[in-house]
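The values are calculated or read from the model by the stated rules, or taken from the named source; none is laboratory data. Note that the structure is predicted; figures quoted are calculated from it, not measured. Positions of Cβ are backbone-derived with ideal geometry, glycine not excepted, and every protein chain shown enters the neighbour counts. For the accessible areas, the whole protein counts, side chains as well, though only heavy atoms, and no ligand, DNA or RNA atoms are used. Shrake-Rupley method; radii C 1.70, N 1.55, O 1.52, S 1.80 Å.
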Amino acid sequence: MAYEVLARKWRPDRFATMVGQEHVLRALVHALEQDRLHHAYLFTGTRGVGKTTVARILARCLNCEQGVGPEPCGVCASCVEIAEGRFVDLIEVDAASRTKVEDTRELLDNVQYAPTRGRYKVYLIDEVHMLSASSFNALLKTLEEPPPHVKFLLATTDPKKLPVTVLSRCLQFHLKNLTPERISAHLEHVLGAEGVAFEAEALQALARAADGSMRDALSLTDQAVAHGGGRLVADDVARMLGTIDQGALERILEGLADGDGEALVACCDDLATHAADFAGVLRELMSALHQVALAQALPDGGPVRDARAARLAEVGARLSPEDVQLHYQIALTGLRDLPWAPDPRTGFEMTLLRMLAFRPEDPGGGTGPAPERGRSAEPSAVPGASASADAAAGAADPRPEPAGGDPAEADSAANRFEAPAEGVPVSAATVEAASAPGSAPARSMAAEAASRPAAEASRRDVPSPAARALATALEASAAPPSAVERSDTRPCPVLEPLPATAGSAPSAAVGATADLDAAAEHEAAVVADAAPGEAPRLLLAEDWHAVLAALPVAGVTRELASHCLPTLIDGWRLVLAVDPAAEALLADVHVTRLEAALAELLGGAWRVRIEAGEPGGETPAQRAARQRDERQRRAVAAIESDAGVRRLQELFNASLQQESIRPRP
């Protein structure tokens with residue numbers, strides 16, 4: 001009798017023998033038990049996870065002669081014929097080879113006829129995403145309202161290629177990839193039943209190589225049994241898969257722990273002799289580092305999954321957690337850059353040498369001694385950086401030492417820390433030295449931060465000149481008209497420009513205390529200049545910048561107002577010109593909100609009209625954008641002129657990514 005491969009021989013014939021996919025099986029079993037059957041099912045997932053198998057088992061459950069249920073008998077004529085692939089009412093279609101609309105129409109011509117043998121006529125369309133757009137259109141109506149004796153079972157590895165009109169007509173079940181542990185356990189059961197001797201490490205290697213597919217795992221097992229002469233040995237399986245054995249990984253980790261470059265190069269020579277896949281070796285090394293990190297991070301070493309993980313944890317105990325994390329990141333980067341290397345071996349060797357050349361900085365502020373790794377005491381420091389840091393520290397405080405050696409005076413001088421002038425580059429060493437815990441500048445800055453809330457509170461208790469002027473103006477406006485002496489012909493005063501507040505938060509409470517004081521001062525000046533019952537005179541573009549900062553509006557309304565400038569003020573009527581770039585924001589609701597906000601802030605019944613056109617000056621939004629650009633240019637210039645940055649560029653041929661630079665708020 002011809003040999004039957006394991007993938008076909010051990011294909012499940014009942015839901016109970018399926019490995020994994022419990023979330024799908026539970027829904028199907030309950031639907032069969034309660035007779036809540038849909039007319040179309042869609043099974044998705046990667047190759048070899050059981051899509052077609054589940055569809056065939058469902059077809060047996062629907063047509064078993066013992067009745068519809070989750071457990072087909074397996075002995076009746078319908079069950080046997082379905083298992084052997086010759087059941088006339090189970091129409092299996094390979095959509096990859098029948099993509100034309102003519103094939104789909106021919107298939108649907110017989111849908112209206114009743115089944116010949118079974119209870120249902122089942123259409124199993126595999127790789128349904130390969131159908132053409134015309135074929136999907138021809139299938140839609142029948143798929144949505146098929147005759148009661150027809151069931152559609154669709155399977156695909158790429159559901160994204162299916163039209164949403166098809167997806168909405170089906171119950172969709174996604175079959176997940178199987179874990180290596182579950183695949184290994186099933187292979188152990190299969191090989192035990194087949195009477196094949198095996199090693200546990202060989203099954204684990206096959207399970208990892210299957211990448212979540214049970215069919216791939218069984219096919220690889222067939223190949224491994226033939227390669228090993230009827231038995232599975234870990235070394236033979238590793239050579240067949242092109243991976244490395246356990247000993248090679250342990251030697252690489254030992255070489256990294258000892259800082260032994262010669263041992264690592266010897267490992268590379270041995271791997272090249274056995275024609276190893278260096279990309280696969282890097283993945284194995286990353287998996288080993290993952291096991292080591294788990295053993296280091298979890299209590300009591302974490303769960304030991306197998307003997308391989310236990311041995312790797314013992315070898316990796318010689319590496320610090322920081323080294324393990326850095327080695328993993330370097331291996332990940334090396335795997336990404338491997339296609340760009342002159343050859344795979346060179347890329348792999350450079351990745352290992354990079355692990356030797358770099359190590360994380362010690363949290364205490366230094367790199368820490370590591371004589372056993374054959375490195376200098378300061379490998380992460382840039383050559384000459386210490387001298388540069390000392391020079392920068394000296395340049396940060398150019399004041400001379402106090403004469404006489406008075407300790408109190410010296411301490412007072414040490415506690416004085418002045419920030420450098422704007423535009424003067426500050427090196428990283430200077431900032432680090434100044435902000436180090438316990439340093440004199442840090443103590444001074446901490447004391448200043450502690451006293452700042454009290455100072456601000458006292459400053460709020462004292463009325464500002466703007467607040468006093470506003471109160472005086474309000475009292476004058478409340479007096480009888482005869483008590484107010486003013487000339488109606490007096491020209492509008494030229495208001496002093498206020499600091500830009502375009503970058504303030506767009507909310508009713510305008511955020512910063514300084515901005516509130518400036519807005520209040522401007523409002524006081526405007527109200528004081530107006531007679532009782534008169535509209536305030538806002539004639540300058542700068543006035544609109546100040547008023548907008550205090551307007552109680554937010555969101556799109558504030559955004560629209562920030563793109564406007566006043567062009568005409570006639571009493572309580574205000575005409576604004578909006579930048580054409582923001583004309584899309586213009587709406588009646590925002591005009592109404594602006595009128596209400598102006599009335600709340602300045603009083604009176606305002607009527608606002610916004611027209612599209614050139615504002616004729618710098619709008620608040622344009623000013624905010626210009627200020628942002630200027631801050632960004634200053635930040636980039638400060639970084640580019642920093643001596644430490646230039647030193648790094650010279651040593652490592654580094655390039656500065658300007659888009660990553662952000663100015664301080």
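Residues in the range 575-633 that are of a type in the set (A, V, I, L, M), loosely packed, with under 13 Cβ neighbours inside 10 Å and modelled with pLDDT of 90 or more: V589 only. Scanning the range 563-574 for residues that are of a type outside the set (D, E, K, R) and open to solvent by 50 Å² or more (accessible area, probe 1.4 Å) returns T567, L568, W572. Might you let me know whether the range 542-562 holds any residue that is open to solvent by 10 Å² or more (accessible area, probe 1.4 Å), under 13 Å from A612 (Cα atoms) and assigned to a loop (DSSP other than H, G, I, E, B)? Among the residues of the range 542-562, not one is open to solvent by 10 Å² or more (accessible area, probe 1.4 Å), under 13 Å from A612 (Cα atoms) and assigned to a loop (DSSP other than H, G, I, E, B), which makes the answer no. Here C564 passes the criteria (1) farther than 30 Å from P665 by Cα; (2) touching a strand residue (DSSP E or B) at 6+ places or on another chain (Cβ under 6 Å) except the one numbered (1). Any chance the range 105-113 includes a residue that's within 19 Å of R169 (Cβ to Cβ), out of contact with any strand residue (DSSP E or B) (no Cβ under 6 Å at 6 or more places or on another chain) and either open to solvent by less than 60 Å² (accessible area, probe 1.4 Å) or of a type in the set (A, V, I, L, M) (or both)? Scanning the range 105-113 turns up at least one residue that is within 19 Å of R169 (Cβ to Cβ), out of contact with any strand residue (DSSP E or B) (no Cβ under 6 Å at 6 or more places or on another chain) and either open to solvent by less than 60 Å² (accessible area, probe 1.4 Å) or of a type in the set (A, V, I, L, M) (or both).
For (1) modelled with pLDDT under 80; (2) surrounded by fewer than 14 Cβ atoms within 10 Å (Cβ to Cβ); (3) within 23 Å of V265 (Cβ to Cβ), each residue gets a yes or a no:
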| site | (1), (2), (3) |
| --- | --- |
| L294 | no, no, no |
| D300 | yes, yes, no |
| V304 | yes, no, no |
| L352 | no, no, yes |
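Among residues that are more than 25 Å from L335 (Cβ to Cβ), open to solvent by 50 Å² or more (accessible area, probe 1.4 Å) and small (G, A, S), A226 is included. Just one of (1) over 22 Å from N63 (Cα atoms); (2) at pLDDT 85 or above; (3) part of a loop (DSSP other than H, G, I, E, B) fails for Q112. It is (1).
In the range 121-141, is there at least one residue being touching a His at 6+ places or on another chain (Cβ under 9 Å) and not charged (D, E, K, R)? No, the range 121-141 contains no residue that is touching a His at 6+ places or on another chain (Cβ under 9 Å) and not charged (D, E, K, R).
If you go through the range 189-207 and pick out every residue that is open to solvent by 50 Å² or more (accessible area, probe 1.4 Å), farther than 15 Å from V233 by Cβ and without any contact (Cβ under 8 Å) to a residue 40 or more places away in the chain, you end up with 4.
Does the range 49-64 include one or more residues that are part of a loop (DSSP other than H, G, I, E, B) and open to solvent by 20 Å² or more (accessible area, probe 1.4 Å)? Within the range 49-64, none of the residues are part of a loop (DSSP other than H, G, I, E, B) and open to solvent by 20 Å² or more (accessible area, probe 1.4 Å). Scanning the range 177-185 turns up one or more residues that are assigned to a helix (DSSP H, G or I), at pLDDT 90 or above and more than 34 Å from the chain's Cα centre (by Cα).
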